[in-house]
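The structure appears below as structure tokens.
The values are calculated or read from the model by the stated rules, or taken from the named source; none is laboratory data. It should be emphasised that the depicted structure is a prediction, and the values quoted were computed from it without experimental measurement. Cβ sites come from the backbone with ideal geometry, for glycine too, and all protein chains shown count toward neighbours. Quick note on the areas: whole protein, heavy atoms, side chains included, nothing else; ligands and nucleic acids left out. Shrake-Rupley method; radii C 1.70, N 1.55, O 1.52, S 1.80 Å.
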Amino acid sequence: NCNNAVENIIDKKGDVLLLNSDTKVTKYFLEEMQRVLYSEKNIGIVNPRSNNATVWSVPMDRRFAFKPNDSYKYWLKLKKQIPEKYITPTSHGFCMLIRREIISDIGLFDEIFGKGFGEENDFTLRAKKIGWLSAVANYAYVFHYESRSFGNEQRIKLASENIKIIRKRYPEYESSV
């Protein structure tokens, strides 16, 4: 669906924001993500912070993954103490801002991943091979209510199947994350 939308619906000149249906945005999240995207010429993919987004979760130990308001309050305090961005080894698909040039350079998501899970990591790592960086915009926050699209059982099944593809293509992936 994302490939279809980017190829057939979205303006072919603009950057692309992919945002899951199980999210809730906060004020100025997009402006902050855009600022980070254009803060360096080789940053090509940006994620926000969230309550439930693996290593982009606040806090990273995910203790507030299912307590989004607690995570958000924690983030409001934390963002006063951290830099505007970090360069990251991969990206998270729940909310991604992508420079249009990357899509021109490497195409879109590999459909071997089916309905999802892992396609954003593959996309990011393909972009990285040609010099594009991924970053997290530490001052942007998007709530993520995980597994609403697939349900937990299907999510676990897809993720366990697709991680095998990632491991085969990118043996360094897990240690870099």
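Key figures
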{"quantity": "Carbon/sulfur fraction of accessible area - the stretch 43-85, other protein chains in place, 1.4 Å, %", "calculated": "56"}
{"quantity": "Percent of Cα pairs exceeding the 23 Å cut-off, where the set is the stretch 53-150", "calculated": "32"}
{"quantity": "When each of 12/129; 85/157; 13/41; 27/77; 13/164 is checked by Cα-Cα distance, pairs over 25 Å", "calculated": "85/157; 13/164"}
{"quantity": "Most fluctuating residue given options 163, 103, 82, as computed from a GNM of the chain linking Cα atoms under 10 Å", "calculated": "82"}
{"quantity": "Per DSSP, loop chymotrypsin sites (Phe, Trp or Tyr not before Pro) in the stretch 13-68 with at most 16 further Cβ within 10 Å", "calculated": "28, 38, 66"}
{"quantity": "Residue-averaged 222 nm ellipticity for the chain, from DSSP H runs of 4+ at -39500 (n - 2.57), nearest 500", "calculated": "-11000 deg cm²/dmol"}
{"quantity": "Selection from 106, 96, 86, by position along the positive dipole direction of the stretch 26-117 (Cβ)", "calculated": "86"}
{"quantity": "Globularity ratio of the chain, using Cα Rg and 2.2 N^0.38 Å", "calculated": "0.98"}
{"quantity": "Note, ³J(HN,Hα) from phi for the stretch 95-103, Karplus 6.51, -1.76, 1.60, rounded to Hz, x at Gly and Pro", "calculated": "7, 10, 9, 10, 5, 4, 4, 5, 5"}
{"quantity": "GluC sites (Glu not before Pro), loop per DSSP, at most 14 other Cβ atoms within 10 Å - longest free stretch of the chain", "calculated": "41-171"}
{"quantity": "Cβ-defined net charge surrounding residue 42, 14 Å radius [Lys, Arg +1; Asp, Glu -1]", "calculated": "+2"}
{"quantity": "Cβ-derived FRET efficiency at R0 45 Å, residue 62 paired with residue 11, nearest 0.05", "calculated": "0.80"}
{"quantity": "Heavy-atom surface of the chain, accessible at 1.4 Å and reported per residue (Å²)", "calculated": "54"}
